[in-house]
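*Asks:* What follows is a structure written as structure tokens; I'll ask about it next.
No lab work stands behind these numbers, since they all come straight from the coordinates. No experiment lies behind these values; they were computed from the predicted model shown. Every residue, glycine among them, receives a Cβ derived from its backbone with ideal geometry; neighbour counts consider all protein chains shown.
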Amino acid sequence: MRFDILTIFPEIFDSYINESILKRAQENKIITINTHDIRKFSKNKHKKVDDMPYGGGAGMVMTPQPLYDAIKHIKKTNKGPVIFLTPSGEMLTQSKVEKLSKKYSEIILLCGRYEGIDQRIIETLVDIEISIGKYVLTGGELPALTLIDAMSRLVPGVLGKDESHEEDSFSKSLDRKKEYPHYTRPANFKGAKVPEVLLSGDHKKIAAWRKKNLR
């Protein structure tokens, strides 16, 4: 799985993608994550990537030229869809993550800033618009990380055991419900005890308890 991220703040990604599961997956060449600075594609002598919106209003809009050139450059080697992270996009769900993971092995993630990006880029170069919730962030970087993390978990070999994600919250095997409660040692912590059935060793009863306690 390959991810190419277009952003004006590539350093934001460094700490998260270079730790834990994503770090190991990259070291094992199971996934590839590349960040690209949109400013480097700007033809403005000051590397400016935003301007005032036509029609007036507060805030700035990302200009089309740097975005156009950046996307065209990445598409020379990445044939996947361009996904724009935006509050107006389709809501991201586990089902959507599964569909994207099955359909694509390469993805280009476009992170907007300010008031957004020029609509002409959305109409001509963006294939999919995705939102991670009904709220507004200062940029698309956190949503991009969310999508990368969620999709990477489904790539064979990324997790210690591939079946680890099969009973995640909202997975198909759990009927898209939230996962059952989890417990570990000690069996009694400050008077709060682990349900007896989980200590019984009876796998059939444990499975029934877990199914009953889906949230």
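*Asks:* Got a sec? Which of E90, E129, E106, E141 is within 21 Å of Y16 (Cα to Cα), touching a Ser or Thr at 6+ places or on another chain (Cβ under 8 Å) and touching a residue at least 40 places away in the same chain (Cβ under 8 Å)? Lay out the reasoning, then the answer.
*Replies:* Values: E90 fails: within 21 Å of Y16 (Cα to Cα); E129 fails: within 21 Å of Y16 (Cα to Cα); E106 fails: touching a Ser or Thr at 6+ places or on another chain (Cβ under 8 Å).
Testing whether each residue is within 21 Å of Y16 (Cα to Cα), touching a Ser or Thr at 6+ places or on another chain (Cβ under 8 Å) and touching a residue at least 40 places away in the same chain (Cβ under 8 Å) leaves just E141.
*Asks:* Which is acidic (D, E), surrounded by 13 or more Cβ atoms within 10 Å (Cβ to Cβ), out of contact with any Leu (no Cβ under 8 Å at 6 or more places or on another chain) and within 18 Å of M1 (Cα to Cα), of E106, E98?
*Replies:* E106
*Asks:* Considering only residues of region 15-40 that are among the charged types (D, E, K, R) and not in a loop (DSSP other than H, G, I, E, B), which is surrounded by the fewest Cβ atoms within 10 Å (Cβ to Cβ)?
*Replies:* E27
*Asks:* Give the residue, chosen from P10, P53, that is more than 27 Å from A150 (Cα to Cα), surrounded by 15 or more Cβ atoms within 10 Å (Cβ to Cβ) and of a type outside the set (F, W, Y). Break it down into steps so the answer makes sense when it comes.
*Replies:* Details: P10 fails: more than 27 Å from A150 (Cα to Cα).
Exactly one residue qualifies, and that residue is P53.
*Asks:* Contact list please: Cβ distance under 6 Å, first residue in region 29-48 and touching a residue at least 60 places away in the same chain (Cβ under 8 Å) and within 19 Å of D149 (Cβ to Cβ), second residue not small (G, A, S) and not in a loop (DSSP other than H, G, I, E, B), pairs at least six apart or on different chains.
*Replies:* Note: pairs meeting the criteria are I33/F3; I33/I17.
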